[in-house]
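Chemist: Here you go, one structure.
What follows is calculated from the coordinates using simple rules that are stated; it is not laboratory data. Just so we're clear, the structure is a prediction, and the values are computed from it rather than from any experiment. FYI the Cβ positions are ideal-geometry reconstructions off the backbone, even for glycines, and counts take in every protein chain you see.
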Amino acid sequence: MILTERHDSKRIDRQLEGRTARRGEPGSCEAILSLEDGLLASLRRPLLRRFADLPGLPGRLSRDRLFRAAQKQAERTHARARRILLDQDRRMSTVLAFSGKPE
């Protein structure tokens with residue numbers, strides 16, 4: 001399997017990589033990624049430069065760390081959005097209830 005981009009969620013990437021091996025036969029997964037990936041757009045420019053030019057590490061390892069950092073940030077952003085939506089849903093449930101209590 002060849003991955004051409006990373007998903008926002010690390011869990012999805014692990015699921016896709018796990019599907020490469022079926023019925024006991026070995027599988028393989030290779031990621032061919034670009035530093036122009038949309039996932040990396042969420043990272044700030046100084047952080048992007050710091051990770052891309054990390055001294056003492058092979059280029060591939062520093063890029064992997066960069067994508068992990070971007071995925072972690074995207075996961076936090078999505079979790080925050082879900083919390084806000086849940087809070088708004090609870091408030092609306094209370095506001096729209098006839099008795100004044102959530103139903």
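Chemist: Separation between the Cys29 and His7 pseudo-spin-labels, each 7 Å from Cα along Cα→Cβ, expressed in nm?
Modeler: Modelled inter-label distance: 0.9 nm.
Chemist: Just to be sure I understand the model, the point goes 7 Å from the Cα along the line to the Cβ. What's the resulting Leu86 to Arg68 distance in nm?
Modeler: So the two model labels end up 2.7 nm from each other.
Chemist: Amide H to amide H, which residues 5 or more places from Ala31 or on other chains are under 5 Å from it, using H placed in the peptide plane?
Modeler: Here the answer is Leu3, since their amide H atoms fall under 5 Å of that of Ala31.
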